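The values are calculated or read from the model by the stated rules, or taken from the named source; none is laboratory data. Predicted, not measured: the structure shown is a model, and the values here were computed from it. Please note: Cβ atoms are built from the backbone with ideal geometry, for glycine as well, and neighbour counts cover all protein chains shown. SASA here: full protein model, heavy atoms, side chains in, ligands and nucleic acids out. Shrake-Rupley method; radii C 1.70, N 1.55, O 1.52, S 1.80 Å.
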Amino acid sequence: MTMATASATHALNHISKSMMNELLLVVSVLGSNVSSPETGESSFIPVADCLNWLQDLQRALRTDNDDVRTLSNQLSSWKVLPEKLLPIAMSKRDDSDTVLTVCKLCVILTKPMTVVGKRAGMLNIDTKSGKVEQGTIEEQMALRENALVQARALASYKRDFLEPGVLSVFVGMLEGPLRKGSEKDDQTIELVLHLLRNLLNPAILAPTAKTITDAARTHHDLLKAFETELVLDILLFIGSNIGSKRMSHWNLLMMEILNFMIKDMDPVRCANAREGDNAAKKKKTSGLLSLVREKEKTKLAPHSTASRHSRFGGTLRTKDSAPPPTSVKNERHRRKNKQTAAFTATAQPVNINGDVACKVLHDFAKAFLERCYGPVMKSLKDEFRRDSGRLEASDKPAFFKIVTWFSAFQRARTGTVGKCVFTLDLFSFNLVTSAVDQYIQEKKANPLSDAVKLYREMTAHLFLLASSKEETENLISQGLMQKVFYDNEPRDKVLKLVHNWRAGVFSKAYLDDIVGLVHNTLKVLDYCKRLYEPEVDAWESDMKKVKMTVTDRHKEAAARYSLTWYVGKIVSAGAIKVYTHLLRVYKDNGVDANHHLVSFFTRLCKYKLDAAIVDLEEDELTAPKQDPDRVTLEPLLFNAELMVIYDRILSDPLSTNKEYAPLTKLVTTLVRHFSVAADRNPLIYVEGLFGVGNRFRKYCEMVTNVYLDENALTGRSRSEEEDEDDEAMFREQEAKKKRAADSSDDEDEWSDEEEVVKEKSGEKSDEEDLGEIGSDSDSDNEAEVDEEKAKAKAAKMEARAARKAEKARAEKAKKKRMTWSTSEDQILKSASFVHTSTKAVMRAVMTSLNGKNKKQIKERIKKLGLAVMGGTETQSSQEMEIDTQEPSQLETQEPSQNSSSADTSSDKWNDARKYVPKSKRVMSEEEEGVTAGRLKKKAKAPVEDDEDDDDLDFGGEVDADGGFTLSQESAPPAASGTKNLFLDDDDE
């Protein structure tokens, strides 16, 4: 045990004698009840100096231990609060000091239990194993009993404040302080707010049907008393001014009060509470037939008796005697059997004043949304934004609960966003998503459930903004959708939440919230895509729209968002388990939960693996039609666990009810589709027994296609190209087998040695082991062969697609090479290609003409008629022969074959060099001092810039077409029998 627990145990039942005497003295002298002789009514008469005695009691209570509260429990057993303190406050309501002191004592007595006290009340004491000492067991039992006493005392204090006129005394204290605004007045207001917070705080340690019913009854009566005593008006006034400097530090206290007020109150029921009044009036003013039936029931009521043996017993009764009084509870018990009564009692506790409390909360929530929601939420968000030191660990879940409740109330009452737009900004989304990550990492299930519930409501309101007729709300939804879903780093946490769900860790309500969150997210994404896609398509067809605004970019992102990709990310084996667990308890689900389940299963059945958009209407959910020619995700719903649930649903008589009609229709369709799929592929019975795993896409394709390719399914004849592909693949496989056989020669030697070792040691060889396997190995081999065939066919399809793509790219490049542009023709027109046999010249021209080969260049020259040089119309036969010779042949030719003198070779070298671009020209020895980058820059310079060309003194001139003409003086002579000057070093 810890030190705090030890000290608490020591002070558990220990009250000093002097303290006990002081408590008895103070309690006895505070006042007494005096009966009036005239009316006989008793009234409390306090002593003259009761203020001093109250202060003594306050000092004594401050010494009490907060974990065990021995003094407070003793005062509770003496009933000091209802018999002494509250009567003093009512009799001295004009004495502000006395009432203030009584208020302080009430705050101390009604203070919520500490964490240590709550843990002590929920201890599981081990009394049977014998591993725990008897002294420890007695201490634990004493601590638990003390915690239960504290809980009962707090519950009794709440009922004491329900007496008429009690709350009005403390509310009257706020009249002056709210007007003046001094520091003392602010302390008084804060004290009263703490008292209201303590009264609303529930204290249930042993949640049974009785304790939950009693707590609900007390809470509803307290809300009604708050309305009668104008407490709710005070809260509305403070909430509307919470943004002021004076009241801003009460925002967290206001948040706690709101959190306890809406606890266990259904927002949808509260939103529709006032609509029930009209229905009740219509039911009360019914027709004549119902009045006659009521009269007949009244006549027959005296003759029905409640007997233990009603079939055999009888009663003697006078003619006009009145029937014995019967309670409603006994009548209800007689009407229902044991099983139905037990189910009703555990499912929904009886609420005595539930309708009245819902009406009270309806009026308060409506006024709070109009006057206080914006200022209060803005103030609370500022606290979270700056990470205030006043925040506690429980403040963030409390904030999530408040926003969730009021958002659901607003959506159920009006169907619009309204003032809830204050909590639909980017900061609120970031706060929720960061909390989801934090709670998942810390493994806190209860706070995570609160965050997910708010996340679900925010997506529902996001759809209301997107579908609103107001342009401002549409702009807000577009900006939020861009940041949450369409951004490069989206803030969406749906995928993480679905995949993080584990059975036995989270509650049923959390499962409903997860499924509802997925439904709302897919709904808003599908709606925005359908809404903006036609508009974006019209923009693409209109080439005039070049500049796009921010709104246009948001619309384009929504239209181009791949909903198929998003659904594919959600679908997994874990996601199917989530919906399977929800379908198993379909009777306990609400109408909305079953609708979300049917919607998701229908989306899977209509999800085509190669489709762009899922064709699903949210308003009308029809049973999916099966198409054998397309592959969907429907086989994921054919596992054994779901089939058992399908059978239970179809065998349930309640499935014929109207509320289960969509679910029954879907299950019937799925069973029929399973039967059709089993006729085509009997192995689906075996597939349903095992898990799908992560490769669910491949699983659906193989199950739907009966483990065959698309040709076997469609009956299409094979083409010659496909036959060639199969033949090439067969040759490739044979080559692989041959290489594997060659590489296994060395391994065979090692295996032979292993067999010899096994024979010497008496172990069985591998062949003997395989022989003992028998027919089982044959079946395994067949399965492996089938798997290899399937893999080979899949590889063949991928290879065929790759070849088709490569062929298409080659055709495109070929078409590009066959066309000639004007700039390319200009390059050819710049010279007459007499010396095209020179390989360096041809290489330079081919480099300038990207993608053109030698044959195409020659054909283009002939087509343009450019084979003219020095007055010669065509090439000589000798030059044509040179054009077709290899470079090695040109090197070995005699000088007499080409020219008879060195001058002729020099002229040929000049003529060829004239039409070579500067960037591709073979540099002479005199040009080695000039870098290639500068030469290339000068070659690309315009014709008018002749001044820079004079600096490069190569003994030549730059012509008008950008070519370079070398003078005869600087041209090197061509020596016979030496290397060809037209060839590069690499060509030689």
Notebook entry, point to check: Over segment 133-284, what percent of the accessible surface lies on carbon and sulfur atoms, probe 1.4 Å?
Noted result: 53 percent
Notebook entry, point to check: Which cross-chain or sequence-distant (5 or more) residues have an amide H under 5 Å from the amide H of SER32, H modelled 1.01 Å from N in plane?
Noted result: ILE45
Item checked: Estimated FRET transfer efficiency (ARG697, VAL676; beta-carbon r; R0 25 Å; 0.05) -> 0.75
Checklist line | GLU370 accessible area, 1.4 Å probe, all protein chains in place, Å² to nearest 10 | finding: 120 Å²
Margin query: Ordering LYS378, LYS180, LYS84 by accessible area with a probe of 1.4 Å, largest first, what comes out?
Written below: LYS180, LYS378, LYS84
Checklist line | Label point at LEU650 placed 7 Å out along Cα→Cβ; residues across segment 675-695 whose backbone nitrogen lies under 13 Å | finding: 675-678
Margin query: Suppose the chain between ASN272 and ILE125 were pulled fully straight at 0.36 nm per residue; how much longer would it get relative to their current alpha carbon spacing?
Written below: 48.4 nm
Notebook entry, point to check: What FRET efficiency comes out for the pair GLU442/HIS249, r = Cβ-Cβ distance, R0 = 35 Å, nearest 0.05?
Noted result: 0.75
Note to self: I'd like the accessible area for MET141: 1.4 Å probe, protein heavy atoms, all chains in place, Å² to the nearest 10.
What the structure shows: 90 Å²
Item checked: Accessible surface of SER28 - all protein chains present, 1.4 Å probe, nearest 10 Å² -> 80 Å²
Item checked: 1.4 Å probe accessible area per residue over segment 13-114, in Å² -> 51 Å²
Next item on the list: Starting from the alpha-carbon convex hull of segment 11-101, give the projected area averaged over all orientations, in nm².
Entry: 6.6 nm²
Check: So which of LYS378/LYS401; LYS104/LYS263; LYS608/LYS698; LYS791/LYS812; LYS263/LYS496; LYS131/LYS210 end up more than 23 Å apart, counting from Cα to Cα?
Finding: LYS104/LYS263; LYS791/LYS812; LYS263/LYS496; LYS131/LYS210
Check: Under a 1.4 Å probe, what is the accessible area of segment 166-283 per residue, stated in Å²?
Finding: 46 Å²
Next item on the list: Report the label-to-label distance for LYS263 and ALA802 in nanometres (one decimal), using points 7 Å from each Cα along the Cα→Cβ vector.
Entry: 6.6 nm
Next item on the list: At q = 0.12, 0.13, 0.25 Å⁻¹, what is the base-10 log of I(q)/I(0) for segment 68-163 according to the Debye formula with one equal point scatterer per Cα and no solvent? Please give it to two decimals.
Entry: -0.49, -0.55, -1.25
Note to self: Bin width 10 Å, origin at 0, all Cα-Cα pairs of segment 414-527: what percent of pairs per bin?
What the structure shows: 13, 48, 30, 8, 0
Next item on the list: Please go through segment 99-204 and write out the GluC sites (Glu not before Pro) that DSSP classes as loop and that have at most 14 other C-beta atoms within 10 Å.
Entry: GLU133
Next item on the list: Quick one: work out Rg over Rh on the C-alpha atoms of segment 194-273, Rh as Kirkwood radius.
Entry: 1.01
Check: What nm distance separates the two modelled labels at GLN856 and LYS608, each placed 7 Å from Cα along Cα→Cβ?
Finding: 4.0 nm
Check: Roughly to the nearest percent, how much of the accessible area of segment 482-538 is carbon and sulfur, given a 1.4 Å probe?
Finding: 48 percent
